[in-house]
Each structure stands twice: as structure tokens, then as C-alpha cells.
Number of protein chains: 2
Amino acid sequence: MLPRTARLTVLKAICRPHPRSHARSFASSRPCADRAVIYSENGDPSKVLSVLTFPDLPPPGSDSVTIKFLLSPINPADINVIEGVYPSKPIKTGALASSGKGSEEEPVFVGGNEGLAQVTAVGSSVSSPKINDWVVVTKQQHGTWSTRKNVAVTDVALVPDAHKLDEAQAATITASVNPPTAYNMLNDFVRLEKGDWVVQNGANSAVGQAVIQIAAARGLKTINLIRNRENVELLKFQLGQLGATHVLTYDDLSDKSTRGKIKEWTGGKDITLGLNCVGGKETTLMSRLLGQDAHLVSYGAMSKQPLSLPTSLFIFKNLTCHGFWQSRWYKDKTSQERDKLMRTLVNMLADGQVRCCSG
Amino acid sequence: MLPRTARLTVLKAICRPHPRSHARSFASSRPCADRAVIYSENGDPSKVLSVLTFPDLPPPGSDSVTIKFLLSPINPADINVIEGVYPSKPIKTGALASSGKGSEEEPVFVGGNEGLAQVTAVGSSVSSPKINDWVVVTKQQHGTWSTRKNVAVTDVALVPDAHKLDEAQAATITASVNPPTAYNMLNDFVRLEKGDWVVQNGANSAVGQAVIQIAAARGLKTINLIRNRENVELLKFQLGQLGATHVLTYDDLSDKSTRGKIKEWTGGKDITLGLNCVGGKETTLMSRLLGQDAHLVSYGAMSKQPLSLPTSLFIFKNLTCHGFWQSRWYKDKTSQERDKLMRTLVNMLADGQVRCCSG
């Protein structure tokens, strides 16, 4: 099972975590102890998930911070993790309670991979972030469906210029993997200049919509592929409003005249970047639109079909195929690089270049 | 049609090109004028090829050299070029005759892409190569099935230390694309250290045999995949003699116990480079042997089946897929880089690290 780019749902913090907090959070009139959505073994989420109430956390260690979650998204991949079919596996924690569930004797998994949180306490060696700063959790499968937790400072990234955003914007643009995925795929593989062309499938996915907007903000042209459907013209119009240069269905792609049409659009300029979240024969067709020395980047496989490409594309057109996984990006990059990404995305949102992306 | 790595046949020079020449060449008792194997249109080689006799060449231009061919290989791809089904297309020449076939009025194709030649005259601006030096033609589809021709100095590479080699060795190791293909694929994609592992299919092809020998000379370990056949044990033994660490058939690969066996061989070390000239399901199976951050390089498609890979390999194992084409390598590299490659290969052959590779 692969990370699908389907609808992003934002989970409200389970309850207001601490009565002393005056920071913004989703209102709950009744203060309560900390709570987390936990499970002890993989399975159907509706059967294995439960809510655990746990006492006040200890103060953070010298290199850690205490954070309270403001908004924790639910991504389809989170469900796959609970089911046990996702390649990145969480580690059980025994730090929630001194006895029973969540204790060292009975450690549990905490659900959730993404989250926007506010710092409520900092360890003695921590200079940044500071108390009240907003951060996102960048370490994979850290367990974000929790009111509060202590985390190593290296496992979070500061949301810069947070005053420019409200919580939902900050959670969507930074805590979600979708806008960073779109931004990095447009940035890391091919040096694209204004007027260059990008082709993508699954263009109406959350990542696809972010790609359209970020590309448009950079002056890049996009050819966007979607499935045929009722009211397809409405969807084409909506993607056009976001900044899509052209939108085609996979049926259009099978039509031989389409390649000629695309050549007219591009003026014969090579398309050097393709973004794929579908796989299967639609992606084979899309890859034939790519020009010399192009790169095809896969970040999903919604069709559940493999990527099947004629070897001649590799040998004679010098195609290179990569995968992209935002979790690996966070792991491989320095905190400076992560901060820079956050700042860029926040400013794109604040400047109105990118709106929130819905799936 | 793709460049197959099948048997390399060495074409004798059509006849001794010039009576004044004292250089080594395949003996022909009767001097004759220059001749070339030509064709005017694509088609079945047995029907479209003919031999054209042409008068003495003019002296080379200031940046050109006159070369006489000593040995010009026939590669299966040459046949595809004549048939017109190969992506790299030759250009017709009108420089062979002043009238009739091969003249400006009736230009023709000259067959052949690879060739070992000796310099017989140099233009006024040429400092290297010198008269009597051996060179190989590196420009694609230059037409090497000819006794002599004038070529731009940028379209040939000097065979360094030529005294260490005989003609057949020089033609096999340097004029053929196979040993350079093997050398570059082991060099250009992954930084491999002594003791690192490489897996390849089509291991008994000319390129495959060169890979085995060059890898062994570098202290790399190889897992080599071949088709099952009668006397497969004999072939396994022969590849072992060349330096193959392990040889498996594709049938072995389908056996689930094989992955465990390979893990034992490698001590669990990731295999980071895979070389593919087959495509199809055998390559899908092979790609599953690759470890984290591996590169899969395709240089042929003998099964004529596409490369079909699960998207999860790209996303979660960070697989990168490339193609390799020696013709592009020559085109993209500087003459210094081409010279360095030649010197390295010549010395590997002279030192006995690599024998001639037969398909």
C-alpha cells in the first residue's frame, strides 16, 4: 500500500490540553488531562484504536521540547500504518503512563504522522524553537494524535512567520506532506526555468493541486492528466482556476492527435519533468510525452499497477526514473534545509500564491 | 529494436587500402582502390548493400585526418541501422566520388558504426593523433565499413599504448562499444568500493562478460543471471573462470529460497547497482534483489518486454532507473575523458585483467 494523495482531513485536537494555556487552540470548554489515540496491535482502525488518558508529562529533557498539538491531520497512509501494511513502522512508546497501558510494561502505538503543534516548554539546551512557537513534527510515525508530548528538538521543524497564518493554513501547508512533496518534486530533480513544461497525472489530488499552484507561481507550464468523469469540464475549469495550463483526461491521451496538440502547445520544447501518482498504462502513455533527458518522479501508485516503461526510453531518450517520499526528505535534510522549505511554503501561502489544497 | 549485446563479429578490412602503406593490416596480396560497403535506402541488408569502389581521397582538411580501417566490427545494431529501425540514423555522404553513386548528386550511406583505424595523413592544424597512430571512431554512425576516409579529428579517439595490443585486441576492447559500456556502467552511477555487490542479467552477453571481468579486477562481487539451457553448469563454470562471484538462472531467481541464499552471500549488505539488458519479468525479479538507494541501469531489452517495476521500489527503497548508451557517452564527454577511458581499457587488457569478450 502506498501513500495516497487523497482527501486530507484535519483532526481537531482531542481536547484542550492544559488549563493554563492561553494559546490559540480549538475550544473545548472543559479542561482535561492529556489524551492520545492509541493501539496495541495492527488491525482494522475501528477495532484496534482507543483513547488513552494519561497524567501530566514530565518536563522535557535538555534537548527536547514539550509540544501541544493544535491540529493533527489524518492522511490515508495513517490508516495503512494502523493496518500494518505501510512500509514505515511506528515504534511503541512506554512514556505515557507509569503503569498499565502506555507504561514501560505495556507500551502502545500512538497514531498519526503529521501535526501542527505549539511549544509549551523547552529543555535547558534548546535555543530554538521557543515557548509559544509553532512547530511541525518531521520525524516519521512519531504519533501525532495526542494532546501533548515531549519530542527531541531534532524531530520538529519551526513554522516560520507563523503570525501570517491561521491554524488550518499552517496545518495544511506545513504539517501535511502534500505541499512539501509538490514543492520538492518541482525543485529537486530538474532545473526548471520560467516557461518550462511539466506533465503530471492524478492532477486533482492534493499533491497535484499543489503542483499546479506552485508551478504557476514559478511561471512553469503544466499539462495535467485526470480521469474522465461526469462534469469533467467543471473539474478542468477548477484546475484552470488554480493555474493549470492545460488539463487532459487519460482518454484524451490515448487519442493519437493529442501528441500533435501538445507539440503545438509546447512549441516543440521538450517536457523534462513528469510527476506520477498513478502507475499502470496511463503512466506509460504519459512517459511518452517526455522529451530527451527527462526525469519521471513517482510518489504514489493509485492504480496499484506497476510502472511499465519501454527500455528504449531509458537508453535512447536518457529517461531517469526516481521515487519521492517526503518522509525520506525530512530524514535526509538538515534542519536548515527543513526551515528553508517551511519558510518558502508559508510565504507562498501568505502571499496568496498557493491556497490550501483539498483532495 | 535495441542494441543487442550479441556476438561480436570482426570484419576484415575489405582489402589492403593503399599499396604504399607498410602498416600492419590484414593481408591481401592485390592492392586495390578504396572501397566501401554502401546502401542508398533502408531495407534487408542482403538486398540493399553493395560495394562501391572509389578513387583516391583528397588530402584531409586542416582539422581532419585520413584514416585507413584495420578492423571494423559488425554489431547487431548495425543491421538494425541498415533496416532503418534503429533510433540513431546515419547521414548520407557525397564525398566518395566525383560522379555517380557516392557523389554529391547521388549520396549514399556507408555501413558500420565501430572501427579500428590507422592514421595515414593529418591536417595542418592537427597535433594529435599522428601518422601511424591507431584511432577508433567515436562519432555515431560515421560509416566504418570502408577502406579509408577523411574524418574530423574530434570524431576519433586515440588508442593509447597501442604497442601493447594486436589489432584484434584493440578492435575488441576499444572499437567495440561493449567493454566501454561495461566499464562506464560500473563507474558512472554508483560509487562502488572493493567488496561491494553488483547484480546483472544477460551475464553471458559480450557486455556481461566484460562486466564480470572489470568488476573482478576492481574487487567487486557479482551476481550473474543467465537463461537456463543444456549444459548450464558448463556456462556457469566459464563465467566463474572469468571472475563471476555467483551465477544463477532466472529459474533459480523465481525460487523463494534464493533470496535467503543471496542474503547469506552478501552478509546482508545492500546490492546498490543492477545492470539490465533483458527487461520483462526477469528484470522485475532482479530489481527486488536491489537494496536501499540502488540504481538500475538498462542498456538493452533482449526480451523485447518493457521494464515493469512496482512503484513502491521507487518510493520506499529510493530506486533510481537510468539508461546507458555508449554512443551518447562519447557525444557528451570531452576528448580527454574519451582518451582516459581508452587508456584504462587498453591497460586492463594489456595487464591481463580483461580478456577479449566474446558473445
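The values are calculated or read from the model by the stated rules, or taken from the named source; none is laboratory data. If you're wondering where the values come from, they're calculated on a predicted model, not measured in any experiment. Cβ placement follows ideal geometry from the backbone for every residue including glycine, while neighbour counts extend to all protein chains displayed. Heavy atoms of the whole protein, side chains included, go into the accessibility calculation; ligands, DNA and RNA do not. Shrake-Rupley method; radii C 1.70, N 1.55, O 1.52, S 1.80 Å.
Numerical summary
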| read-out | value |
| --- | --- |
| Residue list for region A:325-335, filter: within 7 Å of chain B (Cβ to nearest Cβ) and surrounded by 21 or more Cβ atoms within 10 Å (Cβ to Cβ) | A:325 |
| Qualifying residue in region B:132-147 (condition: assigned to a helix (DSSP H, G or I) and either in contact (Cβ under 8 Å) with a residue 12 or more places away in the chain or more than 29 Å from residue B:97 (Cα to Cα) (or both)) | no |
| Qualifying residues in region B:107-130 (those that are open to solvent by 30 Å² or more (accessible area, probe 1.4 Å) and either without any contact (Cβ under 8 Å) to a residue 60 or more places away in the chain or part of a helix (DSSP H, G or I) (or both)) - the one farthest from residue B:38 (Cα to Cα) | B:127 |
| Scope region B:154-182; condition closer than 19 Å to residue B:331 by Cα and either assigned to a loop (DSSP other than H, G, I, E, B) or open to solvent by 40 Å² or more (accessible area, probe 1.4 Å) (or both); matching residues | B:154, B:158, B:159, B:176, B:177 |
| Subset of region B:209-251 (residues that are surrounded by fewer than 17 Cβ atoms within 10 Å (Cβ to Cβ) and part of a helix (DSSP H, G or I)) | B:217, B:232, B:233, B:234, B:237, B:238, B:240, B:241, B:251 |
| Conditions (1) open to solvent by 30 Å² or more (accessible area, probe 1.4 Å); (2) without any contact (Cβ under 8 Å) to a residue 12 or more places away in the chain; number of the one not met by residue A:103 | (1) |
| Options B:323, B:300; residue that is closer than 21 Å to residue B:212 by Cα and at pLDDT below 95 | B:300 |
| Top-ranked residue of region A:285-306 - restricted to ones that are within 30 Å of residue B:330 (Cβ to Cβ) and crowded, with 19+ Cβ neighbours inside 10 Å, ranked as farthest from the other protein chains (Cβ to nearest Cβ) | A:289 |
| Verdict on residue A:133 being out of contact with any Gly (no Cβ under 8 Å at 6 or more places or on another chain) and among the acidic types (Asp, Glu) | yes |
| Scope region B:263-282; condition β-branched (Val, Ile, Thr) and either open to solvent by 10 Å² or more (accessible area, probe 1.4 Å) or at the interface with chain A (Cβ under 9 Å from one of its Cβ atoms) (or both); matching residues | B:266, B:272, B:278 |
| Check on residue B:204, free of Cβ contacts under 8 Å to residues at least 24 places away in the same chain, farther than 16 Å from residue B:185 by Cβ and open to solvent by 30 Å² or more (accessible area, probe 1.4 Å) | no |
| Test: residue in region B:311-320 that is of a type in the set (Val, Ile, Thr), open to solvent by 10 Å² or more (accessible area, probe 1.4 Å), within 20 Å of residue A:301 (Cβ to Cβ) and at the interface with another protein chain (Cβ under 9 Å from one of its Cβ atoms) | yes |
| Residue that is modelled with the lowest pLDDT [pool: residues in region A:52-99 that are assigned to a loop (DSSP other than H, G, I, E, B) and buried (at least 22 other Cβ atoms within 10 Å of the Cβ)] | A:75 |
| Cross-chain or 6+ apart pairs with Cβ under 6 Å, region A:183-198 first and among the β-branched types (Val, Ile, Thr), then modelled with pLDDT of 95 or more and surrounded by 14 or more Cβ atoms within 10 Å (Cβ to Cβ) | A:190/A:272; A:190/A:273; A:190/A:295; A:198/A:215; A:198/A:220; A:198/A:222; A:198/A:273 |
| Residue in region A:32-43 that is surrounded by fewer than 12 Cβ atoms within 10 Å (Cβ to Cβ) and assigned by TED's automatic domain parsing to the domain that holds residue A:124 present | yes |
